[in-house]
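These notes are about the structure you will find just below.
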Amino acid sequence: MRLQFLLCVVFGVWVHGVWLLSLPKQCGNSQGGGSSKLGDFITKAIHVVSKGSAPICVIEVGTTVALNHALYEQCIPPGGHSFDITSYEGMPDMAQAAASRWEGHDNVHIVNELVITGENIEKYVLPAVEGAPDGDEFPNKGFYMRVYGNMQGNFFLTPPTCGAADLVLVDSTRYAHAGIFATLKEGLVHDETVFVVEDDSDVRAELEKHWKLRDVVTSHPAGEQWPWIRFRI
């Protein structure tokens, strides 16, 4: 009886050890959480994601430590769900910095591309810019034309490795959101995808000109300049 008990204990310790060794592959490694209040808001979004047996498929527009940390914290507990992030960063220097930060994390993929196509810039972004068309300073139309003109090679080409996203976080520049969402809706998301977006200069109103948002939740985390919103489309 005692031998059976000892064998059970040894087996339990072995299983726990195997689980611990698998965590870096499942969850990556946390590198600090950024804004804790923003992390809390992202965590609540993770909780409403419809989870199957596959890792949570995540698209990030921009690169934020808070997203990876929140996913990591939810993955660690027993019954937690693994995840796979594709982060799109259009600025080459910022993409390189992010790639260096997450080097060795096989579930975090940094792609130096904008999540937008040239067609969607013409259709959604430039018509919405309110500044002078000949102005070269942000947020004038000339500024956007110059920036996008310098990024011809960085428009969206590479789909996420995990397929259609279950969770999308967008931290992007003013006026670009409708063009980004039009690009995302070209097969990169599904009907139950949960979106988390910084509501910079009333992004919600910009998006609602084109799509009906549902299950909308708003938060204004301490330390953040703008509110954040969570929703489905």
Worksheet item: Can you list the HN-Hα couplings for region 89-106, worked out from phi with the Karplus curve (6.51, -1.76, 1.60; θ = phi - 60°), rounded to whole Hz and with x for Gly and Pro?
Response: 10, x, 7, x, 5, 6, 5, 5, 5, 5, 4, 5, 4, 9, 4, x, 8, 6
Worksheet item: Counting Lys and Arg as +1 and Asp and Glu as -1, what is the net charge of the other residues whose Cβ lies under 13 Å from the Cβ of F155?
Response: -4
Worksheet item: What's the local net charge at P227, with K and R +1, D and E -1, over the other residues with C-beta under 10 Å away?
Response: -4
Discussion item. For the pair D191/R204, report the inter-label distance in nm, with labels modelled 7 Å from Cα in the Cβ direction.
Written reply: 2.5
Worksheet item: For region 48-125 and region 205-233, what is the separation of their Cα centres, given in Å?
Response: 19
Practice prompt. Please give, to one decimal in nm, the separation of the simple spin-label points placed at F138 and R101, each 7 Å out from Cα toward the Cβ.
Written response: 1.7
Item to complete: Mind giving me the FRET efficiency for K212 and T161? R0 is 30 Å, r the Cβ-Cβ distance, nearest 0.05 is fine.
Response: 0.50
Fill in: Total charge dipole magnitude, region 89-213, about the Cα centre, Cβ charges on Lys, Arg, Asp, Glu only, Debye to nearest 20
240
Worksheet item: Hey, rough spin-label estimate for S36 and V48, points 7 angstrom out along Cα→Cβ, what's it come to in nanometres?
Response: 2.4
Practice prompt. Could you tell me which of Y148, I121, A165 has its Cα farthest along the dipole of region 33-232 towards the positive end, charges placed at Cβ (Lys, Arg +1; Asp, Glu -1), taken about the Cα centre?
Written response: A165
Worksheet item: What net charge is computed for the residues neighbouring V129, neighbours being all others with C-beta under 11 Å from the C-beta of V129, Lys and Arg scored +1, Asp and Glu -1?
Response: +1
Worksheet item: Normalised by the number of residues in region 33-232, what is the relative contact order in percent for Cα pairs under 8 Å and 6+ residues apart?
Response: 22
Discussion item. Defining a contact as two alpha carbons under 8 Å apart and six or more residues distant in sequence, what relative contact order in percent does region 114-233 show?
Written reply: 24
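Each value in this text was obtained by applying a stated rule to the coordinates, not by laboratory testing. Given the structure is predicted, the values throughout are model-derived calculations rather than measurements. Heads up, the Cβs are rebuilt from the backbone with ideal geometry, glycines too, and the neighbour counts pull from every protein chain shown.
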